[in-house]
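Notes for the one structure printed next.
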Amino acid sequence: MNTINNRTELLFLFEAENTNPNGDPMNENRPRYDAEDSTALVSDVRLKRTIRDYWLEYKGYNGENGKDIFVRETSYEGDKGEKFIVSGKRRAEKFKDSKDKVLEECLDVRVFGAVLPLKGDSLTFTGPVQFQMGRSLNKTEVTPEQGTGAFSSGDGKKQSTFRMEYKLPYALIGFNGIINEKAAQYTHMTEEDRALLMEGIWEGTKNLISRSKYGQFPLLMVAIHYKDSYQIGSLRQRLQVKSNEGVAEKMIRSTEDYTLDVSRLREAIREVADKIDHVEVRIDNRLQLVDGDEKIKWTSKNYQANEL
């Protein structure tokens with residue numbers, strides 16, 4: 001497969017219904033939250049982990065047959081049979097401290113870049129794929145949920161412990177992303193890698209089936225494939241959530257409670273139609289789109305810029 005040679009700009013939206021999409025360990029694992037404007041935050045690191053986990057579990061990048069993920073937790077056995085977590089240097093030794101072997105086998109390094117702690121030196125690869133911090137398009141709040149645990153806090157206790165969790169009742173999280181064809185020349189990111197990235201964003205989010213994440217589903221992905229090195233920028237900021245009549249913004253609980261106005265996004269795309277090869281759209285049909293007061297319908301397919 002050839003190394004990619006054109007830029008792609010990404011917009012990805014997913015819903016988080018009664019989940020904790022990105023707990024902050026420095027704040028009781030509460031969802032990350034901007035109290036100034038009542039929006040939820042999700043880090044780019046969290047999204048990249050989602051994608052890596054999907055490649056590992058579902059696409060065979062598990063260290064066998066020359067397919068691997070460099071940034072993942074592995075262990076080794078000590079002299080007395082103890083299990084230890086592998087360090088970055090020890091991880092690099094698996095690839096004989098060869099950057100070429102790392103790039104050949106490790107999909108995540110080709111896509112996201114990495115600092116490789118090689119023997120005697122370290123190498124930094126800037127990733128072709130970068131995401132901004134994700135942010136909810138609607139105002140929301142963090143709600144506590146208290147429950148009882150199954151165990152006591154120690155021997156001799158007659159009561160089980162209490163637990164406290166924090167979740168978001170509903171948030172429509174949006175990410176801006178970019179695939180930089182210049183950086184791809186150094187990491188050798190291919191067209192096949194780009195397809196695996198798109199699949200990992202969507203299917204990885206669907207397959208986050210844990211107690212704190214079940215309730216998160218992808219709703220919209222827009223990939224603008226440019227003819228060259230152009231980008232519009234700030235795609236998420238061109239969207240607007242409009243809560244339905246009688247529904248306060250913080251009371252949104254599902255896609256039935258709002259519409260998504262894409263008028264400014266459509267306008268921005270059409271203005272630079274001559275720079276765009278095509279626009280790839282993937283959408284959950286529960287998401288209701290409008291352009292001002294007009295309802296519009298997108299389906300999952302490739303569009304020309306003027307067709308959106």
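Selection within segment 56-102: residues that are of a type in the set (F, W, Y) and modelled with pLDDT of 90 or more. The member of this set that is most open to solvent (accessible area, probe 1.4 Å) is Y58.
Can you tell me which residue is nearest to the chain's Cα centre (by Cα) among those in segment 184-199 that are open to solvent by less than 10 Å² (accessible area, probe 1.4 Å) and closer than 19 Å to D228 by Cα? So the residue we want is D193.
Among the residues of segment 140-169 satisfying the criterion of being of a type in the set (K, R) and open to solvent by 30 Å² or more (accessible area, probe 1.4 Å), which is modelled with the lowest pLDDT? Selected residue: K158. Just to be sure before I move on: is I209 among the β-branched types (V, I, T) and modelled with pLDDT under 95 in the structure I sent? So I209 passes the test.
Here is a yes/no grid of residues against (1) over 22 Å from the mean Cα position of the chain (by Cα); (2) touching a residue at least 40 places away in the same chain (Cβ under 8 Å):
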| residue | (1), (2) |
| --- | --- |
| R266 | yes, yes |
| E271 | yes, no |
| D274 | yes, no |
| D277 | yes, yes |
| D284 | no, yes |
| S300 | no, no |
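Total residues in segment 36-55 satisfying the condition of being closer than 23 Å to Q237 by Cβ and open to solvent by 70 Å² or more (accessible area, probe 1.4 Å): the figure is 2. All of (1) more than 30 Å from R264 (Cα to Cα); (2) in contact (Cβ under 8 Å) with a residue 12 or more places away in the chain hold for Q231 with one exception: (1). Take the residues in segment 114-139 that are of a type in the set (V, I, T) and in contact with a helix residue (DSSP H, G or I) (Cβ under 6 Å, 6 or more places away or on another chain); name whichever of them is least open to solvent (accessible area, probe 1.4 Å). Filtering first and then ranking leaves V129.
Does L172 meet the test of being at pLDDT below 95, surrounded by 16 or more Cβ atoms within 10 Å (Cβ to Cβ) and touching a Ser or Thr at 6+ places or on another chain (Cβ under 9 Å)? Considered against the rule, which asks whether it is at pLDDT below 95, surrounded by 16 or more Cβ atoms within 10 Å (Cβ to Cβ) and touching a Ser or Thr at 6+ places or on another chain (Cβ under 9 Å), L172 comes out as no. Only one of the listed residues (T148, T161, T124, T143) is closer than 22 Å to I51 by Cβ and either without any contact (Cβ under 8 Å) to a residue 60 or more places away in the chain or under 17 Å from the mean Cα position of the chain (by Cα) (or both). That residue is T124. For segment 42-69, a residue qualifies if it is among the aromatic types (F, W, Y) and either under 23 Å from M133 (Cβ atoms) or in a strand (DSSP E or B) (or both), and the qualifying residues are Y54, W55. Among the strands (runs of 3 or more DSSP E) confined to segment 200-293, the ones with at least 1 residues that are open to solvent by 60 Å² or more (accessible area, probe 1.4 Å) are located at 216-226, 240-243, 276-283.
The values are calculated or read from the model by the stated rules, or taken from the named source; none is laboratory data. All values reported here derive from a predicted model rather than from experimental measurement. Reconstructed Cβ throughout: ideal geometry from the backbone, glycine too, with neighbour counts over all protein chains shown. Heavy atoms of the whole protein, side chains included, go into the accessibility calculation; ligands, DNA and RNA do not. Shrake-Rupley method; radii C 1.70, N 1.55, O 1.52, S 1.80 Å.
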